[in-house]
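Engineer: Encoded as structure tokens, here's the structure I'll be asking about.
Each value in this text was obtained by applying a stated rule to the coordinates, not by laboratory testing. Keep in mind it's a predicted model, so treat the numbers as computed, not measured. A quick note on method: Cβ atoms are made from the backbone with ideal geometry, for glycine too, and the neighbour counts reach across all protein chains shown.
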Amino acid sequence: MLSKLDVYLNGKFLPLAEAKISVLDRGFLFADGVYEVIPAYGGKLFRLQQHLDRLNSSLAAIRMEPVMSDSQWADVLNKLVEPHAQSDQSVYVQVTRGSGSSRDHQLPDDYTPTTFAMCQTIATNSLDSIAKGIHAITLDDIRWDWCHIKSVALLGNILLKQQASDQHCTEAILLRDGFATEGSASNLFIVSNEQLITPPKSHNLLPGITRDLVLELAIKDGVRCIEQEISEQQLFDADEIWLTSSTKEIMPVIELNRQAVGNGQPGKLWEKISTRYSQFKTQLRNQQHD
Ligand code: PDD
């Protein structure tokens with residue numbers, strides 16, 4: 001059994017303090033790598049296959065091969081979450097192109113990837129406070145054009161989130177050419193005339209795993225769902241706005257640019273779908289391990 005502080009690095013489980021990589025790692029020098037964040041509820045990994053598929057498409061998009069098979073990943077990640085079965089976790093996975101003998105922009109012909117994974121506890125008190133509703137602002141999307149890749153190059157996202165935080169807001173909703181695409185670390189939904197609308201998958205946004213589940217749950221509940229561009233005006237006129245992510249789940253936005261969204265409270269449809277989301281987590285927690 002691993003200890004709670006053990007992490008995975010390049011084929012070994014070891015204490016966090018002993019996990020070391022080279023300063024020539026291309027992840028460190030160029031942000032040349034990709035990542036995943038996978039929740040685990042009661043020690044059960046949430047939508048693991050979907051997260052691994054997205055990891056492998058991010059790797060392919062940056063011209064890297066899968067670093068191991070899905071069953072090897074399942075084995076590694078299950079071992080990491082096992083000591084934490086009493087609490088909810090987010091598992092962080094990062095793969096970089098490894099290190100060469102010098103700093104060189106050119107992609108190496110041959111490389112040994114750096115593969116890292118660790119667990120972090122999901123703070124349930126922060127989820128409770130999110131459920132009361134969050135404040136957001138709109139900002140121009142200053143990021144690059146390949147936002148569908150879960151790249152570790154997050155400086156744009158981080159600086160946008162900080163601008164929101166400077167204005168006492170939890171998230172920034174990003175605008176590109178007059179359309180709202182996603183949050184700085186989340187996907188976007190609006191409710192308008194009892195329809196749930198989210199932008200279609202494109203290079204402007206990350207194909208969120210939570211986004212897909214929210215759509216699935218809403219469709220199952222008979223909610224009319226549309227994948228459609230959301231104009232800035234539609235965003236401001238929305239009855240409800242939600243932002244979704246693996247660690248923050250479904251965040252109801254109750255204030256946008258200092259104006260109340262709907263009646264300034266989490267909306268009725270949010271209540272319904274977030275209840276379904278909690279039920280989905282409970283089912284997963286209660287599942288027997290294979
Ligand atoms: N981020 N869009 C962006 C830019 C994100 O960073 C994230 C999540 C999402 C939602 O994706 P998912 O539902 O698969 O978590 C959308 C993670 C949680 C992070 O960077 O920590």
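Engineer: Treating only the Cβ of Lys, Arg, Asp and Glu as charged (+1, +1, -1, -1), what charge dipole size does the stretch 27-127 show about its Cα centre? Round to the nearest 20 debye.
Structural biologist: 240
Engineer: Quick check: the angle from helix 48-61's long axis to the longest principal axis of the chain, C-alpha only, nearest 10 degrees?
Structural biologist: 70
Engineer: I would also like to ask the following. Give the lysines reachable from K20 as a straight Cα distance under 21 Å; neighbours fewer than 8 places away on the same chain don't count.
Structural biologist: Once the sequence-local lysines are set aside, what remains near K20 is K4, K12, K79.
Engineer: Here is a follow-up. Could you run the Debye sum over the Cα atoms of the stretch 154-290, one equal point scatterer each and no solvent, and tell me log10 of I(q)/I(0) at q = 0.13, 0.22 Å⁻¹, two decimals?
Structural biologist: Taking Cα atoms of the stretch 154-290 as identical point scatterers yields -0.54, -1.49.
Engineer: Additional query: Taking Rh as the Kirkwood radius, which is the inverse of the mean 1/r over Cα pairs, what is the Rg/Rh value for the chain?
Structural biologist: Over the Cα atoms of the chain, Rg/Rh equals 0.97.
Engineer: With charges only on Cβ, +1 for K and R and -1 for D and E, what is the dipole size of the chain about its Cα centre, in debye, rounded to 20?
Structural biologist: 580
Engineer: About its Cα centre, how strong a charge dipole does the stretch 182-290 have in debye, to the nearest 20, once Lys and Arg get +1 and Asp and Glu get -1 at the Cβ?
Structural biologist: 360
Engineer: Among all lysine pairs in the stretch 127-284 that are eight or more places apart or on different chains, how many have alpha carbons less than 23 angstrom apart?
Structural biologist: Step by step, the pairs that qualify in the stretch 127-284 add up to 21.
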